1. Can you list residue pairs whose Cβ atoms sit under 8 Å apart, with the first residue in the range 246-267 being in a helix (DSSP H, G or I) and the second being open to solvent by less than 40 Å² (accessible area, probe 1.4 Å) and among the acidic types (D, E)? Count only pairs 6 or more apart in sequence or on different chains.
2. Regarding L48, is this residue open to solvent by 50 Å² or more (accessible area, probe 1.4 Å) and in contact with a Phe, Trp or Tyr (Cβ under 9 Å, 6 or more places away or on another chain)?
3. Looking at A190, A176, can you tell me which residue is among the aliphatic types (A, V, I, L, M), farther than 19 Å from S225 by Cβ and either open to solvent by less than 20 Å² (accessible area, probe 1.4 Å) or assigned to a strand (DSSP E or B) (or both)?
4. Considering only residues that are open to solvent by 90 Å² or more (accessible area, probe 1.4 Å) and modelled with pLDDT of 65 or more, which ones fall in the range 319-361?
5. Find the residue count for the range 24-33, including only residues that are touching a residue at least 40 places away in the same chain (Cβ under 8 Å) and touching a strand residue (DSSP E or B) at 6+ places or on another chain (Cβ under 8 Å).
6. State whether one or more residues within the range 263-276 are at pLDDT 90 or above, buried (at least 19 other Cβ atoms within 10 Å of the Cβ) and basic (K, R).
7. Can you tell me how many residues within the range 1-35 are at pLDDT below 85, under 18 Å from S194 (Cα atoms) and open to solvent by less than 90 Å² (accessible area, probe 1.4 Å)?
Amino acid sequence: MLPAFREFAGKDYYVLSLPHREHEPPLASLMSRLPPLPGSPYPEVLLLGHRAGLAVQEGAWEVRLAVPDDVVGLHGLIGSLASAVEVQEAFLHALGRQGAVVAVVQGQLVAMAAITPAVDLQLLQDNFNLAEGVLHLLGKSYLHYALLPGQAVPDWLGLMQQQPPRHSSSPAAGKADFALYSFSKHMAYAPKQSVNSQIVIAGASQTALSCLEQLLLQRHISFNSLTLLAPGGVPVGGVACTYTAGLVARMGVQAAVTIVHGQMASLDTEQKLVGLDDGSQLPYDLLVMATGLQDQLGPAIAAACPEAAHFVLSSQALIRGSISAEAAASLSSVLLYGADLQAFDVVAALTDAGVSPVHSL
């Protein structure tokens, strides 16, 4: 690419369009992946690179400890961020204890990191199944990064190793509602294999979330195109679902998964397209059907007796929905059809809303 930029001196960016099932060339490691919009019909992976990223090939990159003069360059780097004040405070705090690092290309500051040496190792052990090497965190053998829900996902996160969350911990343990990623020297020499095949998981059942978790936690493979088809969002908590909001946050779903709030309406296996209820389509290379057991009683009653349809609610509607105190007080009797774990979830939802289990159920 360097000869190309010499030929086109006024250009700064280059784009690589790659079929989903093709292996990434070495050049891709110097580029940023552009996430597609949900339902985008574009059939390939789009990667974007800047000519400054190629400077590493010419030895023009410099990574070093920050010095006070770098504060001026920092303003140009983070000035447009909503969290610019917080980032600058973290940088200045780290600068005072030799914990701030910057990357400079051709004299321009292009990246910074504020490293905190103190680690609450007990909190991490209570919430994550840490690999043996990660226990050397206090000895500065590892860097770790906590990704909070709603936080912007950095491009370099794919270089780090995600730590698997614990599904249960002692009641006295502190709760870590973030995903944890770690990096060590040997990881730099053993990068993950990128897989760009489009994997669509239809449903947000316990099985679907378990499948998604296994894909996210692969140590040697990075799945870059994961889509979860979840009408109404990802359900959390309850007797029938062991995935709590905290556990979903520790899985780092937002970092690598596109969540589509839509229902599957059709399936074209020849063209490999999932049709959604809004008329859009999702292309896939691999489709995982994990919708769970579906309630067929409600639609059947609605078809046979339309005037009674609004009196019939599915278990999911009751579990996910909120029942007001006024609505609960108006219920004189409730017939609960079923005796599985979801039935107990429904009982809990109704009793929490104030419905008397003695007189109404």
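1. M251/E213
2. yes
3. From the options A190, A176, the qualifying one is A176.
4. Of everything in the range 319-361, those that are open to solvent by 90 Å² or more (accessible area, probe 1.4 Å) and modelled with pLDDT of 65 or more turn out to be E326, S332, L335, Y337, A339, L341, F344, D352.
5. 4
6. No, the range 263-276 contains no residue that is at pLDDT 90 or above, buried (at least 19 other Cβ atoms within 10 Å of the Cβ) and basic (K, R).
7. Residues flagged as at pLDDT below 85, under 18 Å from S194 (Cα atoms) and open to solvent by less than 90 Å² (accessible area, probe 1.4 Å) within the range 1-35 amount to 1.
Yes or no, residue by residue, for (1) modelled with pLDDT of 80 or more; (2) over 24 Å from the mean Cα position of the chain (by Cα); (3) under 30 Å from L34 (Cβ atoms):
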| site | (1), (2), (3) |
| --- | --- |
| H93 | yes, yes, no |
| V104 | yes, yes, yes |
| G133 | no, yes, no |
| L157 | yes, no, yes |
| P171 | no, yes, no |
| D177 | yes, no, yes |
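The values are calculated or read from the model by the stated rules, or taken from the named source; none is laboratory data. Remember, predicted model here, so these are calculated numbers, not experimental data. With ideal geometry, Cβ positions are generated from the backbone for all residues, glycine too; neighbour counts draw on all protein chains shown. In case anyone asks, the SASA skips ligands and DNA or RNA and just uses the protein heavy atoms, side chains included. Shrake-Rupley method; radii C 1.70, N 1.55, O 1.52, S 1.80 Å.
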